[in-house]
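Just so it is clear, none of the values below were taken in a lab; they were calculated from the coordinates. Here the structure is a predicted model, which means the values were calculated and not measured. When we count neighbours, we look across all protein chains shown, and the Cβ atoms used for this are built from the backbone with ideal geometry, even at glycine.
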Amino acid sequence: MTERSHHPIIVAKGLTRIYQPGGNEVIGINNVNLEISSGELIALKGNSGSGKSTLLALLAGLDTPSRGTLIVANNDLQQLTPVQLTQYRRKVVGMVFQTFNLLPTLTVLENVSLPALLAGHPYARVTNKAMELLGWLNLNSRINHLPSQLSGGEMQRTAIARALINEPAIILADEPTGNLDTRNGEIVIELLAELNRRFGRTVIIATHSKIADPHATLRICLKDGSITDTICCAP
Ligand SMILES: Nc1ncnc2c1ncn2[C@@H]1O[C@H](COP(=O)(O)OP(=O)(O)OP(=O)(O)O)[C@@H](O)[C@H]1O
Ligand SMILES: [Mg+2]
């Protein structure tokens with residue numbers, strides 16, 4: 001048995017998130033049980049409203065469940081203090097969003113460096129690391145540009161560099177290709193797949209398209225907040 005099968009990086013039990021806008025209950029996710037080994041590339045699939053973003057937000061520590069437990073990289077998320085939760089968000093998970101979420105007044109290099117500077121790492125080391133990542137992502141010539149001066153594909157590659165700067169074990173990507181043309185979407189998915197294959201990162205890509213399917217080791221299908229199918233695609 002490999003180490004990977006012994007050490008799930010994500011364990012969810014009875015995980016439920018119910019929203020209550022104006023007193024009406026809306027199910028985000030409902031009684032999700034999940035055990036994910038380190039090193040998987042997961043395509044999290046399902047129609048609009050099926051709960052993909054809700055699950056990612058819980059995994060990212062950006063939202064709290066209504067019921068159930070969630071343990072990620074040995075962190076029991078409900079037991080963490082606010083300070084620990086901030087550390088968790090900064091170091092354990094890296095997020096990539098459909099709308100890129102870059103800070104408009106910061107350059108590419110500054111956007112990428114910020115999470116590492118906030119984590120207290122020294123400026124010179126952070127800059128070196130950011131430059132290395134930006135080189136890998138073919139953004140050498142864009143480091144002093146503002147987000148508004150970039151193409152969509154360049155913005156998303158900048159966001160990927162930012163997600164990686166603190167070397168998180170898990171990358172969570174919520175519809176990362178939603179605002180990109182087909183070619184740039186493929187480039188982004190291939191980069192995420194390379195992170196998984198070459199660097200062993202656990203990657204979860206939420207998408208209603210089939211774009212991540214060829215790279216996925218596991219497909220998890222959500223419907224109305226519940227898992228309907230878990231398909232192992234590993235060779
Ligand atoms: N903040 C919120 N308040 C109330 N209801 C919400 C909130 N966020 C999500 N929901 C509801 O929870 C359900 C799941 O939403 P979620 O955003 O997780 O779906 P999704 O699978 O990411 O959809 P999409 O593919 O459109 O991004 C939907 O019915 C949605 O309307
Ligand atoms: Mg969504």
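Quick check on the exposure proxy: order 100, 199 from fewest to most C-beta atoms within 10 angstrom. Write out the running numbers ahead of the final one.
Values: 100 21, 199 12.
The order, fewest Cβ neighbours first, is 199, 100.
What is the sum of charges around residue 144, taking Lys and Arg as +1, Asp and Glu as -1, for the other residues whose C-beta is under 14 Å from the C-beta of residue 144?
Working: positive: 142; negative: 110, 154.
Net local charge, residue 144 excluded: -1.
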| query | Taking amide H positions as placed 1.01 Å from N in the peptide plane, with prolines and chain starts having none, which residues 5 or more places from residue 28, or on another chain, fall under 5 Å of its amide H? | reply | 17, 18, 19
| query | Near the amide H of residue 222, under 5 Å away, which other amide H atoms are found, from residues 5 or more places off or on another chain, if H is placed in the peptide plane? | reply | 45, 46, 228
| Across the range 216-233, in residue order, what do the Karplus-derived ³J(HN,Hα) couplings come to in whole Hz, using 6.51 cos²θ - 1.76 cosθ + 1.60 with θ = phi - 60° and x for Gly and Pro? | 6, 8, 8, 10, 10, 10, 10, 9, 6, x, 10, 7, 9, 7, 10, 10, 7, 10
| message | Per residue of the range 82-97, what does 6.51 cos²θ - 1.76 cosθ + 1.60 with θ = phi - 60° give for ³J(HN,Hα)? Whole Hz please, x for Gly and Pro, Karplus curve as stated. | response | x, 5, 5, 5, 4, 4, 4, 4, 7, 10, 8, 10, x, 10, 10, 10
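When the dipole is taken about the Cα centre of the range 61-180, and only Lys, Arg (+1) and Asp, Glu (-1) are charged at their Cβ, what size is it in debye, to the nearest 20? The partial results should precede the final answer.
Values: 9 positive and 8 negative charges, 43 e Å.
Approximately 200 debye in magnitude.
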| query | Roughly what percent of Cα-Cα pairs across the range 110-235 reach past 17 Å? | reply | 60 percent
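For the chain, give the magnitude of the charge dipole about the Cα centre (Cβ charges: +1 Lys/Arg, -1 Asp/Glu; no others), in debye to the nearest 20.
Numbers: 21 positive and 19 negative charges, 56 e Å.
Charge dipole, the chain, about its Cα centre: 260 debye, nearest 20.
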| In percent, how large is the relative contact order of the chain, given Cα pairs closer than 8 Å and 6 or more residues apart? | 28 percent
| said: If the elastic network links every pair of Cα atoms under 10 Å, which of 60, 43, 73 fluctuates the most in the Gaussian network model of the chain? | reply: 73
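For the chain, what is the convex hull (Cα atoms) projected area averaged across all directions, in square nanometres? Write out the running numbers ahead of the final one.
Details: hull surface 53.9 nm².
One quarter of the hull surface, i.e. the mean projection, equals 13.5 nm².
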| query | Taking the alpha-carbon centroid of each part, what is the distance from the range 37-54 to the range 155-198 in angstrom? | reply | 15 Å
| note | If amide H atoms are modeled at 1.01 Å from N in the peptide plane, then the residues at a separation of 5 or more from residue 171, or on another chain, having amide H under 5 Å from its own are 94, 202, 203, 204
| note | Classified through the alpha carbon gyration tensor (a ≥ b ≥ c as square roots of its eigenvalues; rounded if a/c is under 1.5, else prolate when a/b is larger than b/c, else oblate), the range 15-107 comes out rounded
| note | Largest fluctuation, 16, 86, 158 only, Gaussian network model of the chain with Cα springs under 10 angstrom, belongs to 86
| remark: If each K or R counts +1 and each D or E counts -1, the residues other than residue 208 whose Cβ falls under 10 Å of its Cβ total +2
| In the neighborhood of residue 101, defined by Cβ-to-Cβ distances under 11 Å, what is the net charge if each Lys or Arg adds +1 and each Asp or Glu adds -1? | 0
